[in-house]
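Just below is one structure, and these are the notes that go with it.
What follows is calculated from the coordinates using simple rules that are stated; it is not laboratory data. All values derive from a computational prediction rather than experimental measurement. All Cβ positions, even for glycine, are placed from backbone atoms using ideal geometry, and neighbour counts span all protein chains on display.
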Amino acid sequence: MIPFNKPYIVGSELNFIEDAIMYGLSGSGKYTELCYRFFNETYGFKDTYLTHSCTAALEMCGLLLDLKEGDEVILPSYTFTSSANAFLLRGATVKFADSTSESPNLCLKSVQESITSKTKAIVVVHYAGMSCDMHALKQIAVDNRLILIEDAAQAIDAKYDGQFLGSFGHLSTFSFHDTKNIHCGEGGLLVINDTRFIEKAGILYNYGTNKEAFISNKVDKYEWCGIGSSFMCSELNAAFLWGQLQNHKRVLEIKISIWWYYHQKIGQLNLGRKLVSVNERVQHNGHIYYLVCDSKDEREALIQHMNEKGVKAFFHYQALHNSPFFSTQYSGPKLPYAELYSDCLVRLPVYAELTQAQQDQVIDAIRTFYLN
Ligand SMILES: *Cc1c(COP(=O)(O)O)cnc(C)c1O
């Protein structure tokens, strides 16, 4: 059976973990600092906080926005629950926007129609590591004085018009969960590109204290300065992550070549609109390869057929506005594309150790489903 995902181990992780054990394992140590330097130098981020998950980084965003009851945050319905929970936890109202016909990413028109006098922020999700239309979204945020947040959980190393994702938003988040391109089991990153948030983020991250100022000898003791929590990532995870980050280019190359192999070979099957649409402004990271079926029944039959042919394929994201939790309180517009992807999207196995022979087996399973 070809599994759906297999977390990649680059080989140096254990050595760094061993070293971390000598240095101390709580957060904000040697490896966390090494990771910060890497992120800021490689991607041009202004400031970064290593967290125990992307979910935690999104929750920090919710706290940084100082949201009050009634404040509104716009985000896609077709996303992971954490993109919404982070703001609901602060008492804000979430406004779900639709995806586009081209991709699960945010539809600009739907975003514009969701803006009211209470809107505080737009959260964009770069589905499959493929960028949203960042120039247009940034313009919408500027025109309406909104904070732009990138949930770039899937988007490490991906770019839009040559610029790294995660560097567009006032705030951005990444995930290092073991299903993502670069991982440490569980981990995440908060990126701060708007310097107004830096001081407050430091306090939030350090249990509501000015411990950062104390460590850099700016104050002689640290005290309780505001609300905060513990969002830190253990040095064990940071050491593992450091090993991965040093090999990020190799992982990226492998993922992209797997992605293009699918795209080329499945393209030759002439399945029509089932293929992902590519756009030259979007330099993705090969994180996910997906097909869009014509119906839910077709998808179920395809997944079943692939299973019988020894291939694990999955779907994900049930549109949040239709979820058991939210559907009874949802009163917004119809979101036909969010529903389309919920019902019809299929993900194929993409992981670094997937061989070309295995990919051929996946492609053959698709071929025999559609063309026999
Ligand atoms: C994976 C993912 C998350 C959650 O990441 P964790 O690190 O597991 O918290 C959030 N948003 C999106 C879009 C994701 O793909």
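Suppose we keep just the alpha-carbon trace of the range 37-186; what are its Rg and Dmax in angstrom?
So, for the range 37-186, Rg and Dmax equal 14.3, 40 Å respectively.
List the equivalent ellipsoid semi-axes of the range 297-372 in whole Å, largest first, each obtained as the square root of 5λ for an eigenvalue λ of the Cα gyration tensor.
On the way: eigenvalues 196, 37, 18 Å².
In descending order the semi-axes read 31, 14, 9 Å.
Can you pull the Kirkwood radius for the range 23-95, inverse mean 1/r over Cα pairs, to one decimal in Å?
Working: mean 1/r = 0.0713 Å⁻¹.
Mean inverse Cα-Cα distance, inverted, gives 14.0 Å.
Whole-Hz ³J(HN,Hα) for each residue in the range 258-274, computed from phi via Karplus 6.51 cos²θ - 1.76 cosθ + 1.60 with θ = phi - 60°, x for glycine and proline: what do you get?
Going residue by residue, I get 4, 4, 5, 5, 4, 5, 6, 5, 6, x, 5, 7, 6, 8, x, 6, 5 Hz, with x marking Gly and Pro.
Tell me, in nm to one decimal, what length is gained between GLU353 and LYS312 on full extension, where the rule is 0.36 nm per residue of separation less the Cα-Cα distance? Before the final figure, lay out each step's value.
Numbers: separation 41, 0.36 × 41 = 14.76 nm, distance 1.49 nm.
That works out to 13.3 nm of additional length.
Could you pull the Rg and Dmax for the chain, using just the Cα atoms, both in Å?
When restricted to the Cα atoms of the chain, Rg and Dmax are 21.0, 75 Å.
Hey, what do the phi angles of the range 294-306 turn into as Karplus ³J(HN,Hα) couplings, whole Hz, using 6.51/-1.76/1.60 and θ = phi - 60°, x for Gly and Pro?
7, 7, 5, 4, 4, 4, 4, 5, 5, 4, 4, 4, 5
Let me know the charge dipole size of the chain about its Cα centre in debye, to the nearest 20, where only the beta-carbon of Lys, Arg (+1) and Asp, Glu (-1) is charged.
Numbers: 33 positive and 40 negative charges, 69 e Å.
In total the dipole reaches around 340 debye.
What span do the alpha-carbon atoms of the range 166-244 cover on each of the three principal axes, reported in whole Å from largest to smallest?
The Cα atoms of the range 166-244 stretch 41, 30, 20 Å along their principal axes.
Restricting to the chain, compute how many DSSP beta bridges are antiparallel as a %, nearest 5. Before the final figure, lay out each step's value.
On the way: 23 of 40 bridges.
Antiparallel bridges: around 60 percent, rounded to the nearest 5.
For the chain, set up a GNM with springs between Cα atoms under 10 Å and report which of LEU165, LEU67, LEU269 has the largest fluctuation.
LEU269
Using amide H atoms built 1.01 Å from N in the peptide plane, name the residues 5+ places from LEU345, or on other chains, whose amide H lies under 5 Å from its own.
CYS293
Only helical DSSP H runs with n ≥ 4 go in: add -39500 (n - 2.57) per run for the chain, normalise by residue count and round the 222 nm mean residue ellipticity to 500 deg cm²/dmol.
On the way: 13 runs with 143 residues, N = 372.
Estimated from H runs of four or more residues: -11500 deg cm²/dmol.
Among ALA141, ALA239, ALA357, determine the one that fluctuates most according to a GNM of the chain built with springs between C-alpha atoms less than 10 Å apart.
ALA357
Once amide H atoms are placed 1.01 Å from N in the peptide plane, what residues at a sequence separation of 5 or more from VAL219, or on another chain, have their amide H within under 5 Å of its amide H?
Long-range HN contacts for VAL219: PHE214.
³J(HN,Hα) across the range 210-225 via Karplus (A = 6.51, B = -1.76, C = 1.60, θ = phi - 60°), whole Hz, x for Gly/Pro?
Each residue of the range 210-225 in turn: 8, 4, 4, 5, 5, 5, 8, 6, 8, 9, 8, 8, 10, 9, 6, 10 Hz.
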